[in-house]
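Notes to accompany the following structure.
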Amino acid sequence: MTTEIRHIVFDIGKVLIHYDPNLPYSRIIPDHAEREWFFANVCTHEWNLEQDRGRTWSDAEALLIADHPEREEQIRSFRKYWHEMVPHAYDDSVAILEQLIAEGRDVTLLTNFASDTFREAQERYPFLKKPRGVTVSGDIGLIKPNVEIYDTHAKSFGLDPASTIFIDDSYPNVEGARAAGWHAVHFTGAEKLRSDLAAHGIKV
């Protein structure tokens, strides 16, 4: 007999809200090839992930500006125009989240997010305050897919890993959750999420 799912944990970026750094940078660095170079060599995914781990923006900017002083303004634009990178919510996914909460299910959030930008996102997207709670990587100095962040979340919110399902758009993060003993599904869209939840006995 399969374990009943009693805890549902959502990722945020690219699951509940859209995220794309190209949105402001297509204006800041109009040349496509140069913009690709900039994201591959200056404001890289790995660099941004350290802010998700808790590094301050001022430290992050100083590090890059030391190596690329001629690009100071472009580097500082990442935080300055961050709000443009998250222009809208995915209404169909949010509807699933809100329905689960309305039905009385236990819903929490687990996200790789810098502390300050997460609070900004919460103000812009009030539904992020509706779940029972949230673990923000930047608050605790751990990031997905590190198993410790899943263990910390489970302990913080009293989740039984075997009765928990996690939803994330990043497959490595899905695998991290499974390594922590959770059930997990790879998010590719709301309809697929509905069928994945149904397969785990959760009808929405």
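A few comments on the model shown:
- Tabulated pairs, region 100-116, first of a type in the set (Asp, Glu), second in a loop (DSSP other than H, G, I, E, B), C-beta under 7 angstrom, 6+ apart or interchain: 106/6; 106/132
- Checked against (1) out of contact with any Asp or Glu (no Cβ under 9 Å at 6 or more places or on another chain); (2) closer than 30 Å to residue 158 by Cβ; (3) surrounded by fewer than 19 Cβ atoms within 10 Å (Cβ to Cβ), residue 46 passes all but condition (2).
- Tallying residues that are within 21 Å of residue 189 (Cβ to Cβ), in a helix (DSSP H, G or I) and not small (Gly, Ala, Ser) within region 89-119 yields 9.
- Residue list for region 83-98, filter: surrounded by 19 or more Cβ atoms within 10 Å (Cβ to Cβ) and either under 22 Å from residue 60 (Cβ atoms) or touching an Asp or Glu at 6+ places or on another chain (Cβ under 6 Å) (or both): 86
- Residue 37 being surrounded by fewer than 16 Cβ atoms within 10 Å (Cβ to Cβ), modelled with pLDDT of 95 or more and either aromatic (Phe, Trp, Tyr) or over 30 Å from residue 197 (Cβ atoms) (or both): yes
- Close pairs (9 angstrom Cβ cut-off, 6 or more residues apart or separate chains): over 12 Å from residue 41 (Cα atoms) in region 63-78, part of a helix (DSSP H, G or I) and of a type in the set (Gly, Ala, Ser) anywhere: 78/60
- Residues in region 51-61 that are closer than 16 Å to residue 76 by Cβ and open to solvent by less than 60 Å² (accessible area, probe 1.4 Å): 51, 57, 60, 61.
- Checking residue 190 against (1) in contact with an Asp or Glu (Cβ under 8 Å, 6 or more places away or on another chain); (2) under 18 Å from residue 98 (Cα atoms); (3) open to solvent by 60 Å² or more (accessible area, probe 1.4 Å), the condition it does not meet: (3)
- Condition broken by residue 122, with the remaining ones in (1) open to solvent by less than 50 Å² (accessible area, probe 1.4 Å); (2) under 21 Å from residue 17 (Cβ atoms); (3) not in a helix (DSSP H, G or I) satisfied: (3)
- If you filter region 99-116 down to residues that are open to solvent by less than 10 Å² (accessible area, probe 1.4 Å) and closer than 9 Å to residue 8 by Cβ, you find that the one that is farthest from the chain's Cα centre (by Cα) is 100.
The values are calculated or read from the model by the stated rules, or taken from the named source; none is laboratory data. Just so it is clear, the structure is predicted and the values come from calculations on it, not from any experiment. Cβ sites come from the backbone with ideal geometry, for glycine too, and all protein chains shown count toward neighbours. For the accessible areas, the whole protein counts, side chains as well, though only heavy atoms, and no ligand, DNA or RNA atoms are used. Shrake-Rupley method; radii C 1.70, N 1.55, O 1.52, S 1.80 Å.
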